[in-house]
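Inspection log for the structure reproduced underneath, given as structure tokens.
Rule-based calculations on the coordinates, nothing more; no lab input. Being a predicted model, the structure only gives us computed values, none of them experimental. Quick reminder, even Gly has a Cβ in these numbers, built from the backbone with ideal geometry, and neighbours come from all protein chains shown.
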Amino acid sequence: MAANKAEVRERVRDYILQEFLPGESRENLKDDTPLTGSGILDSVSTLKLVTFIESTFGISVEPHEASSDFGTIEEIAALVERKT
């Protein structure tokens with residue numbers, strides 16, 4: 001399933017806000033907000049996000065990609081775009 005980058009960014013942002021930052025404003029979670037460095041994602045939440053991305057976009061995320069390509073929403077969208 002090919003997904004455009006803007007759609008991926010919005011779906012990932014919505015998921016992160018719903019699952020990990022309930023009540024947080026969309027404006028506070030920008031495309032370049034650090035997800036791991038800021039404490040938004042830890043190892044458990046990263047695994048949940050990987051599962052969401054794999055099932056939503058029909059791709060497989062390798063362990064090294066989860067650590068290297070999950071720094072920001074923009075990086076996640078680029079990974080999904082490359083794999084679809």
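Pick from Ile73, Ile53, Ile40: which residue has the top mean-square fluctuation in a GNM of the chain where Cα pairs under 10 Å get a spring?
Ile40
Would you mind telling me which residue in Val61, Val50, Val12 has the biggest mean-square fluctuation in a Gaussian network model of the chain, where springs connect alpha carbons within a distance under 10 angstrom?
Val61
Using the eigenvalues of the Cα gyration tensor, what equivalent ellipsoid semi-axes result for the chain when each is taken as the square root of five times the eigenvalue, whole Å, largest first?
Equivalent ellipsoid semi-axes, largest first: 18, 14, 11 Å.
With each label point set 7 Å from Cα along the Cα-Cβ vector, what nm distance links Lys30 and Lys5?
It is 1.7 nm.
Which value in deg cm²/dmol, rounded to the nearest 500, describes the helix-derived mean residue ellipticity at 222 nm for the chain, given -39,500 (n - 2.57) per DSSP H run of n ≥ 4 and division by the residue count?
My calculation for the chain gives -17500 deg cm²/dmol from helical runs alone.
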